[in-house]
Amino acid sequence: RGKRKTIGFLVGAEGLSVRAPRWVALRDVDAAIHEKSDWILRKLTETRQRLARVEATRIEWKDGAAFPFLGEPVVMRLDPKHGFASVGGTLDAATEEGAPRILRLAVSQNAEPSQIRDAAQAWLMRQARKLFIERLDHFAPLLGVQWQKLSLSNAATRWGSASADGSIRLNWRLIHFRLPVIDYVVAHELAHLRVMDHSHRFW
C-alpha cells in the first residue's frame, strides 16, 4: 500500500509484487490480479527464463574458461611462468578465423577460482579504461563537449552516468560487448554534458 493513484504490478527475481493505493479495497486488488493474470504469468515465465540464461552464462573460473571480449570469445590459459611486463596478462593475436583468441594470465595452475577471476577482471578493467578513454576522446569533439574524469563502475543495472562537472562513469563490463554497443553508451553519456535529462532535446 502506498501513496499512488493506480494498482501497479512488478515482476522481478523475487516474483510478483502488487502496489495499490491505500483506499482501494482488497477485492479490487484481487480483481485486478485476475484481469492481468495472462500478463503476470507470461512475465513470471520470461523472468525465470532470463535468470536461467544468466545462471548458464556464469563463468567457472579455471584454466580453459571462456568469456566474451569486445563481442568475441576469449579462452583463458593460466601461464604462471610469464609476468607479462607487470600487466598481468596478454591476449594472443588471432590465429585462424573463427577460433577464439587466447588470454594468457600470469596465474598459478593451482590458483583458487577467486584469484583467477580477480586476475581476469583486473585485465578486463585495464582494457576497458584504455578503450573508454580512446572512445571518449573520439566522440567528445564531435559533440562539442569536454569530459574531465573517467571512473569505472561495477553497477548491477546501469551502464553509465554523467555529471555536470564533466565526470563520466562507465560500467567496465561494457568491454564484453561489441564496439558499436560501447560507442552508443559513450556517446549517450557525453550527450548528457549538453543536456542532463532524457528530454526530446537530449535525443
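The values are calculated or read from the model by the stated rules, or taken from the named source; none is laboratory data. Since we're looking at a predicted model, the values are computed, not measured. Neighbour counts run over all protein chains shown; Cβ positions are idealised from the backbone, glycine included. Ligands, DNA and RNA are excluded from the accessible area calculation, which covers all protein heavy atoms including side chains. Shrake-Rupley method; radii C 1.70, N 1.55, O 1.52, S 1.80 Å.
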Next item on the list: Sticking to Cα atoms, compute the Rg of region 141-203 to one decimal and its Dmax as the biggest Cα-Cα distance, whole number, in Å.
Entry: 11.4, 31
Note to self: Within 10 Å of each candidate Cβ there may be at most 14 other Cβ atoms; applying that plus a DSSP loop requirement, which trypsin sites (Lys or Arg not before Pro) in region 150-203 survive?
What the structure shows: R158, R178, R194, R201
Next item on the list: Run the 1.4 Å probe and let me know the accessible area of S108, rounded to the nearest 10 Å².
Entry: 50
Margin query: Taking 31 Å as the cut-off for C-alpha to C-alpha distance, list the pairs among K81/K130; K3/K149; K3/K43 that go past it.
Written below: K3/K149
Notebook entry, point to check: Among (1) 8, 31, 32, 17, 7, 4, 1; (2) 8, 32, 35, 20, 4, 0; (3) 7, 23, 23, 23, 15, 6, 1, which is the computed P(r) over Cα pairs in 10 Å bins from 0, in percent?
Noted result: (3)
Next item on the list: Please give every one of the lysines within straight-line cross-link reach of K5, meaning a C-alpha to C-alpha distance under 22 Å, and leave out same-chain neighbours fewer than 8 residues apart.
Entry: K36
Notebook entry, point to check: DSSP loop trypsin sites (Lys or Arg not before Pro) in region 72-139 with at most 14 other Cβ atoms within 10 Å of their Cβ, which ones?
Noted result: K81
Next item on the list: Restrict the search to region 80-152; then list the GluC sites (Glu not before Pro) that DSSP places in a loop and that have at most 13 other Cβ atoms within 10 Å of their Cβ.
Entry: E96, E97
Margin query: Helix 26-35 against the longest principal axis of the chain: what's the angle in degrees, Cα atoms only, rounded to the nearest 10?
Written below: 60
Item checked: Nearby aspartates and glutamates by direct alpha-carbon distance to K62 (threshold 14 angstrom, same-chain neighbours under 8 apart not counted) -> D79, E112, D118
Check: For the Cα atoms of the chain, what angle does the longest principal axis make with the long axis of helix 37-56, in degrees from 0 to 90, nearest 10?
Finding: 20
Item checked: For V74, residues with placed amide H under 5 Å, excluding near neighbours -> F67, F69
